[in-house]
Amino acid sequence: MGIATVCLSGTLDDKLTAAAAAGFDGVEIFEPDLVAAADTPEDVRARCADLGLTIDLYQPLRDFEAVPPPLLAANLRRAEHKFQVMERLGADLLLVCSTVHPDSVDDDDLAAEHLHLLSERAAAHGVRIAYEALAWGRHVSTFDRAWRIVRRADHPSLGLCLDSFHILSRGSDTSAIRVIPPEKLFFLQLADAPRLDMDVLQWSRHHRLFPGQGAFDLAAFLRTVLDTGYTGPLSLEVFNDVFRQSDPRVAAVDALRSLLGLQEGASVDTALPAPPRLDGVAFVEIGAGPGADAEVAGALDALGFTRSGEHRSKPVDLWEQGSARILVNRAAAAEGATAVAAIAVESTDPPASARRAERLLAPILPRHTQAGEADLAAVAAPGGTSVFFCRTFFSGTDFSGTDFNGTDTDAGWRADFAPTGAPAETGAGLHSVDHVALTQQTDDFDGAALFYRTVFGLDPETPAEVAAPFGLMRSLALADARHRVRIALSVAAVRRGGWAPAVPHPQHVAFATDDITAAATRLRAAGLLLEIPANYYEDLDARLAPPPERLDLLRDHELLYDRDADGEFLHCYTPVLGSRVFFEVVQRTGGYLGYGALNAPVRMAAHRRDRLRRSA
């Protein structure tokens, strides 16, 4: 498993150190990284050896083939210099991109002749040439044409480099890869990308992603290449403006995680435990500092939750209604602050889920427990949220569970809480956690999506973009096949300047109900129902024309509404509680699987008005 240094931020040594720390086997050295380094090629070679990294490729040599004689002479001189540098590096494979030079000619025979000459010179230095078709190549822009030229050149030191972006961005038929002999497939570069309708060069230079973060079917592509008998490196080459400015240690971990997930998807043995089935959200832990804890408790009480337990050694309360459980941790946030501190998911095999998370480079978080308390291991998710894997069983009023070590015991996580003896509320008809929504920082969004996709085994749903009051918002929800666990991620696409909402990176927990009007009525009685403007309902009438009695019900209960061909979605909100957490109540009918994304700008504006009113 390899990574190109161009994927990562920093100096060459920063990149090599990050790649090795993440667990990569080798690197592609991008020539500008070496040129900018103070270390000699010999120093870089020694540094890679010390880090346990092989140098799998040196790149690139551009605009070489099918050019006039004076240019060819200059190109050969450039190539000789690169060969000498590569000998000093201990690298034996050079990437040559198909030419974009304006003086090049569309002549496959001439291109083959020049590449044969180059390969002959390379062989004298113990170097091989990997020829790659750029998707925007002036004459050669497809892998099958590049293969025809390589065959025509007929040199043992000349082969192909296949790049998934250059192939999949053009929609090329990948079945033709199967006819290429494996000994002629010298190198494989992998990159994902979103589907964008734009110039392919700009698409490639700025918007590539790690596998699993974009829209390409990389698993099928990889299977096709491996079916040829290819046994060389699987190397990532990703040009991305965000990654190039991010902490290289974090980006390298995301990169390796993506490559492990891709291999699993392509049925390559990675020794990853298969993701166990997830049966729902066991609990959501909300950190609520002094002052904010009362706000959160008041909202839960208004929603019909019962404060059923007090943690035996920590300032944590357990609130329950149906199978929806919220832990309020008064020590996990500063004064007046709130945050989703942790999400616990019900796993059919918690130890396997935890082993999978660790194998996918999720950091195991230290936890301090008292004797007899459940040993639930936590892993860190991007954005600062912890993740637990557990099982929760019920037998009458007795609780039992499975701890991190896989032991079925009556001392599961529920037993960490002393019963309060509070009588169960009649409730508001809430029965489970529908989804947890987490706003990410720009640098974390793609990594967070990859984390929940690979570690949890969730599938991404259709991404959405909405024009919100404070700028364009991107969102992506991920869910298991049965929609028992849903994580909704969002991000402000661009954030510049000092003008910003008062609630940076909001988070919320959505509860499912079959009677949303009951929940809305309770929230209104407590003064905790977010007010929706009349303009919204006039527009809703124009857009979707619900029956008049339906529209009146929505308006009277401050309910937002969406529908599609499969069903309906009704939802309402509390104000923001503390610094950035709020609650949502949702009612789904039929087969509606979305989240009412078009209503998000209305909710955001309503939250701003509410905060301004409360602070006046």
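Odds and ends about this structure:
- Taking θ as phi - 60° and the Karplus parameters 6.51, -1.76 and 1.60, the scalar couplings of the range 569-577 work out to 9, 10, 8, 9, 9, 8, x, 5, 9 Hz in sequence order, x denoting glycine and proline.
- As a calculated quantity, the FRET efficiency between LEU593 and VAL100 at R0 = 41 Å, using C-beta atoms, amounts to about 0.40.
- Distance cut-off 23 Å, percentage of C-alpha pairs in the range 1-123 lying past it: 36
- Ordered by solvent-accessible area of protein heavy atoms (1.4 Å probe), largest first, the residues SER119, SER313, SER141 come out as SER313, SER141, SER119.
- Using 0.36 nm per residue and subtracting the Cα-Cα separation, the extra length available between THR462 and ARG563 on full extension is 34.8 nm.
- Accessible-area composition of the chain, carbon plus sulfur, in percent [1.4 Å probe]: 51
- Placing one equal scatterer on every Cα of the range 490-616 and applying the Debye formula, the log10 ratio I(q)/I(0) at q = 0.10, 0.16 Å⁻¹ is -0.33, -0.83.
- C-alpha center-to-center spacing [the range 112-153, the range 435-481] in angstrom: 41
- Taking amide H positions as modeled 1.01 Å from N, with prolines and chain starts lacking one, the residues under 5 Å from ALA468 and 5 or more places away or on another chain are MET473.
- Euclidean distance between Cα centres, the range 288-327 to the range 2-32, Å: 46
- Across the range 279-321, the residues whose backbone nitrogen lies under 14 Å from the label position 7 Å along the beta-carbon direction of GLU335 are 289-293.
- Database remark: amide H of LEU61 closer than 5 angstrom to the amide H of LEU95, VAL96, CYS97 (H placed geometrically; neighbours at sequence offset of 5 or more, or on other chains; Pro and chain starts carry no H).
- For the chain, share of DSSP beta bridges that run antiparallel, in % to the nearest 5: 60
- Taken per residue, the accessible surface of the chain reaches 41 Å², heavy atoms only and a 1.4 Å probe.
- Computed from phi, the 3J(HN,Hα) profile of the range 282-293 under the Karplus parametrisation 6.51, -1.76, 1.60 (θ = phi - 60°) reads 6, 6, 10, 9, 10, x, 9, x, x, x, 6, 4 Hz, with x in place of Gly and Pro.
- A simple packing score, the average count of other Cβ atoms within 10 Å per residue, orders the peptides 557-568, 142-153 as 142-153, 557-568, with the highest score first.
- Each of the peptides 222-234, 6-18 was scored by the mean count of other Cβ atoms within 10 Å over its residues; in descending order, highest first, they stand as 6-18, 222-234.
- Scanning residues 5 or more positions from ASP279 or on other chains, those with amide H under 5 Å from its amide H are GLU346, SER347, THR348, with H placed 1.01 Å from N in the peptide plane.
- Remark: the range 192-205, residue by residue, has Karplus-estimated 3J(HN,Hα) of 9, 6, x, 7, 10, 9, 7, 3, 5, 5, 5, 4, 5, 6 Hz, where x stands for each Gly or Pro and the curve is 6.51 cos²θ - 1.76 cosθ + 1.60 at θ = phi - 60°.
- Rg ratio (alpha-carbon, reference 2.2 N^0.38 Å) - the chain: 1.12
- Annotation for the range 159-230 versus the range 250-281: alpha-carbon center distance of 20 Å.
- Helical mean residue ellipticity (222 nm; -39500 (n - 2.57) per DSSP H run of 4+; nearest 500) of the chain: -9500 deg cm²/dmol
- Accessible surface of MET198 - all protein chains present, 1.4 Å probe, nearest 10 Å²: 80
- Order by protection proxy (mean Cβ within 10 Å, highest first), peptides 448-461, 166-179, 504-517: 448-461, 504-517, 166-179
- Under the criterion of Cα pairs below 8 Å and six or more residues apart, the relative contact order for the chain equals 10 percent.
The values are calculated or read from the model by the stated rules, or taken from the named source; none is laboratory data. Small disclaimer: the values here were computed from a predicted structure and weren't measured. For neighbour counting, all protein chains shown are included, and Cβ atoms are generated from backbone atoms with ideal geometry for every residue, glycine included. The area values use the complete protein model at the heavy-atom level, side chains included, leaving out ligands, DNA and RNA. Shrake-Rupley method; radii C 1.70, N 1.55, O 1.52, S 1.80 Å.
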